[in-house]
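The values are calculated or read from the model by the stated rules, or taken from the named source; none is laboratory data. Since we're looking at a predicted model, the values are computed, not measured. As a convention, Cβ positions derive from the backbone with ideal geometry for all residues, glycine included, and neighbour counts pool all protein chains shown. Side chains are part of the model used for accessible areas, which takes the heavy atoms of the whole protein and leaves out ligands, DNA and RNA. Shrake-Rupley method; radii C 1.70, N 1.55, O 1.52, S 1.80 Å.
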Amino acid sequence: MTTTKTHDIQATIKQIKSLQKLGCELIRVAVFDQQDAHALKDLVQLSPLPVVADIHFNYLFAIAAIEAGCAGIRINPGNLFREHEVVQILEAAKLYHTNIRIGINSGSLPKHIIDQYGHGAVALFEAMQEFVHFFENHHFYNIVMSVKSTDPLVTLTANQMLAAKFKYPIHLGVTEAGTVVDASIKSSVGLAPLLLAGIGDTIRISITGDPKQEIPVAQKLLSAVNLNHDHVNVISCPTCGRLDFEMEPLVKKTIQYTKHLQVPLTISILGCVVNGIGEGMNADIGIAGSKDQGILFVKGKIVKYCPSHQL
Ligand code: SF4
């Protein structure tokens, strides 16, 4: 999701392009006011990625986003208070074939749901079920579902319940997950079991700060569950007393050099021959470091012996 003011078209497009360069495939923008809603038409034209408009409270912004040609809109029907407003959004979306993500967060559940079910997985599921039935009763089926909690295990259970009941696509995420370390761990714990079970069609890692941080975490999570094949995987050891060369700068340089590549490539950089030879043989490119005689492997074959600082 972009963090720029959406009506600042130049800054928003610049951010979208920088995220696309890292591998982002779908972008969501906040529609906070009339200026933002007005900017959507130009944004959709200029954006290299499909745009999803994130709308709260104001159904007219949702209709404006649909008419602007957004690929999708995300609404939380719980904060669009009048039924006839939601119906008007559905009718516009039908006309423009726009998909609607029903996005339910633990922090914005409808009051009657909280009163009956609290804030846990059942509450998220019941809220979604209610809205899906409402949409279906109005013959709207171009639905994406998302239920997000700040608690990874609640997110996990709620999504399992959704997947067992409905066939609509699911967008995955743990909401308000914190800064990069917290968000990476919470998202991995909450989402990996879902991904491994084949649940989830799109994913967002929610991280406080620059959204560019979100893409590599998502890619690495998908890669770890074997769902991202166009990804550079850098294997490196934690180092120990056997290390005899400056390994960390080499690892950082390699990550920096390869971060824009979207190709399946495994690079292994290990500090010595203990595991370095085995990992190096199995990687596309491997280094088993040593002060005097580091070994460089390409596709399992040794191509060079030399001090590691020369590799
Ligand atoms: S590969 Fe070598 S340097 Fe790296 S942690 Fe293992 S034993 Fe230590």
10 Å-binned pair-distance histogram of the range 126-252 (Cα, whole percent):
12, 35, 29, 15, 5, 3, 1
Charges only on Cβ, +1 for Lys and Arg, -1 for Asp and Glu: so what's the dipole of the chain about the Cα centre, in debye to the nearest 20?
820
Hey, what angle do you get for helix 247-258 against the long axis of the chain, alpha-carbon based, 0 to 90 degrees rounded to 10?
50
Counting only residues 5 or more places away or on other chains, whose amide H sits under 5 Å from the amide H of residue 105 once H atoms are built in the peptide plane?
148
Give the Cα extents of the range 191-242 along the principal axes, in whole Å, largest first.
44, 29, 20
Of the DSSP beta bridges with both residues in the chain, give the percent that are antiparallel, rounding to the nearest 5.
20
Ranked order, 161, 281, 128 - accessible area, probe 1.4 Å, largest first:
281, 161, 128
222 nm [θ] for the chain, helices only, -39500 (n - 2.57) per DSSP H run of 4+, per residue, to 500?
-14000 deg cm²/dmol
So, R0 is 30 Å and r is the distance between the beta-carbons of residue 10 and residue 67; what FRET efficiency does that work out to, to 0.05?
0.85
Nonlocal amide H pairs with residue 287, under 5 Å, H built at 1.01 Å:
268, 269, 270, 297
What are the equivalent ellipsoid semi-axes of the range 1-141, built from the alpha-carbon gyration tensor (square roots of five times its eigenvalues), in whole angstrom, biggest first?
27, 17, 13
In nm, to one decimal, how far is the residue 292 label point from the residue 35 one, both placed 7 Å along Cα→Cβ?
6.8
Extension gain from residue 95 to residue 189, taking 0.36 nm per residue of separation minus the Cα-Cα distance:
29.9 nm
Give the relative contact order (percent, whole number) for the chain; include only Cα pairs under 8 Å separated by 6+ residues.
10
Restricting to the range 45-180, what percent of DSSP beta bridges are antiparallel, rounded to 5?
0
Per residue, how much accessible area does the range 180-311 have with a 1.4 Å probe, in Å²?
57
What is the spread of the Cα atoms of the chain along each of their three principal axes, largest first, in whole Å?
75, 42, 27
Heavy-atom accessible area ranking, 1.4 Å probe, most first, across 141, 117, 257:
257, 141, 117
Which values, in whole Å and largest first, are the semi-axes of the equivalent ellipsoid of the range 12-80 obtained as the square root of 5 times each eigenvalue of the Cα gyration tensor?
21, 12, 9
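Calculate the tail of P(r) for the range 217-278: the fraction of all Cα-Cα distances greater than 16 Å, expressed in %.
Considering the range 217-278, 49 percent of its Cα-Cα pairs are separated by more than 16 Å.
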Report, in degrees rounded to the nearest 10, the 0 to 90 angle that the Cα long axis of helix 273-282 makes with the longest principal axis of the chain.
60
Report, to the nearest 10°, how far helix 214-224 tilts away from the longest principal axis of the Cα atoms in the chain, using its own Cα long axis and a range of 0 to 90°.
70
Out of every Cα-Cα pair in the range 187-311, what percent are more than 22 Å apart?
43
Could you work out how far apart the two model spin labels at residue 166 and residue 141 are, taking each label as a point 7 Å from the Cα in the direction of the beta carbon, and quote it in nm?
1.4
Compactness check, the range 150-215: C-alpha Rg relative to the 2.2 N^0.38 Å globular estimate gives 1.08
Rounded to the nearest 0.05, FRET efficiency between residue 252 and residue 303 (Cβ-Cβ, R0 25 Å) equals 0.65
How long is the gain from residue 115 to residue 244 if the chain were fully straight, where each residue apart is worth 0.36 nm and the alpha carbon distance is subtracted?
40.2 nm
Once phi is turned into ³J(HN,Hα) by the Karplus curve 6.51 cos²θ - 1.76 cosθ + 1.60 with θ = phi - 60°, what whole-Hz value does each residue of the range 198-209 show in order, with x for glycine and proline?
x, 9, x, 10, 9, 9, 9, 9, 8, 10, 5, x
